[in-house]
Amino acid sequence: MHNSSPVKDERPVNLQLTTIRFPLAAIASILHRISGMALFFGIAILLYLLNVSLESQAGFESVRAMLNSLLIRLILWLLLSALLYHLIAGAKHLLLDWGIGESKQGAKTGASVTLGLAILASVLGGIWLW
């Protein structure tokens, strides 16, 4: 279809997502959504492994052997990191719901604190896991 509007639309169209610089608060919000999706699928896999381990002694031993794998431990650490990040970012969202940190500077500070605490929690979770 042809746009028959007399007003010419000269807004720039940027389709290269790699050139867009997101604010820190947007990055923290996107990571919160990604961590939620990772938890959704990761917990399903963990529940399956729990089911296998509870079915029989052989199932328990197979899951136990899997947990000694470096790759599986890395996946568990990533899932634990997603859980900790999601928890911390969720607490930040609750503060926003109460009206705390709604300004532009408050959003930047809240995102910085969220990311800092999540990195610290992830490192501590990795130390605990290994």
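The values are calculated or read from the model by the stated rules, or taken from the named source; none is laboratory data. Everything quoted here is computed from the prediction, not taken from an experiment. Because the Cβ atoms are built from the backbone with ideal geometry, glycine has one as well, and the counts that use them run over all protein chains shown.
Residues of the stretch 11-24 that are over 27 Å from Ala107 (Cα atoms) and either in contact with a strand residue (DSSP E or B) (Cβ under 7 Å, 6 or more places away or on another chain) or at pLDDT 80 or above (or both): none at all.
For every residue, the table says whether it meets (1) over 26 Å from Ala25 (Cβ atoms); (2) under 17 Å from the mean Cα position of the chain (by Cα).
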position: Ser62; (1), (2): yes, no
position: Ala65; (1), (2): yes, no
position: Ile75; (1), (2): yes, yes
position: His86; (1), (2): no, yes
position: Trp98; (1), (2): no, no
position: Lys108; (1), (2): no, no
